[in-house]
Amino acid sequence: MRSILLALEGSALGVFVRESGVWTYAFLNLFHILGVSTLFGSILILDLRLLGLARRLPLADLSRFTLPISKTGFAIAAATGVMMLSTNGGEYIGNPYLPIKFAAIGAGLVNIAVVSRLDAWRSLGTRELTPRETRMLAIAGGTSLISWLSAVTAGRMIGYW
């Protein structure tokens with residue numbers, strides 16, 4: 001991780017962001033928070049539905065609405081996060097929360113990849129799910145919630161270490 005952080009800091013991106021002025025980091029931070037809140041807010045709604053809340057709300061309709069929003073939020077958060085890390089990556093060497101944040105993000109993305117390949121997920125809106133499939137999706141929703149909440153928490157803690 002050390003070499004990645006130092007390489008990122010020494011990259012053309014790092015130099016560009018550092019030389020762009022003090023307000024650049026402030027705007028990156030603002031958009032990072034916007035991306036994270038957009039991602040987490042939309043995923044939270046979907047995860048709570050997967051866990052059994054608002055069962056009268058069709059899961060297929062909800063996912064069609066929330067997933068594009070969460071993808072946009074993730075793209076904004078990832079892009080701005082890399083740019084913010086590039087400004088002073090060396091300062092994060094040894095910060096225990098950074099690898100926790102990355103691991104939690106990785107777990108969230110793996111969960112998405114697994115869920116999107118489940119027959120239950122691909123069958124949303126076309127047939128009734130079996131009780132077993134409903135439980136599998138609930139487990140996936142809980143896993144997602146834990147992963148993204150851990151990423152957000154670790155991300156906040158990075159600045160306090």
Would you mind stating whether Gly10 is closer than 16 Å to Ala151 by Cβ and surrounded by 13 or more Cβ atoms within 10 Å (Cβ to Cβ)? no
Can you find a residue in the stretch 92-103 that is buried (at least 20 other Cβ atoms within 10 Å of the Cβ), charged (D, E, K, R) and modelled with pLDDT of 95 or more? yes
Only one of Leu34, Leu8 is closer than 30 Å to Glu91 by Cβ, of a type outside the set (Lys, Arg) and modelled with pLDDT of 95 or more. Can you tell me which? Leu34
Subset of the stretch 128-155 [free of Cβ contacts under 8 Å to residues at least 12 places away in the same chain and either among the charged types (D, E, K, R) or outside any helix (DSSP H, G or I) (or both)]: Glu128, Leu129, Thr130, Arg132, Arg135
What's the number of the only condition in (1) in a loop (DSSP other than H, G, I, E, B); (2) without any contact (Cβ under 8 Å) to a residue 60 or more places away in the chain that Trp23 fails to meet? (1)
For Leu124, which of the numbered conditions (1) within 24 Å of Pro68 (Cβ to Cβ); (2) free of Cβ contacts under 8 Å to residues at least 60 places away in the same chain; (3) not polar (S, T, N, Q) fails to hold? (2)
Every residue in the stretch 115-161 that is of a type in the set (Ser, Thr, Tyr) and more than 30 Å from Tyr97 (Cα to Cα), please. Ser123, Thr126, Thr130, Thr134
Would you be able to say whether some residue in the stretch 103-113 is more than 16 Å from the chain's Cα centre (by Cα), aliphatic (A, V, I, L, M) and part of a helix (DSSP H, G or I)? no
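The values are calculated or read from the model by the stated rules, or taken from the named source; none is laboratory data. Note that the structure is a prediction, hence the values are computed from the model and not measured. Cβ atoms come from the backbone with ideal geometry, glycine included; neighbour counts cover every protein chain shown.
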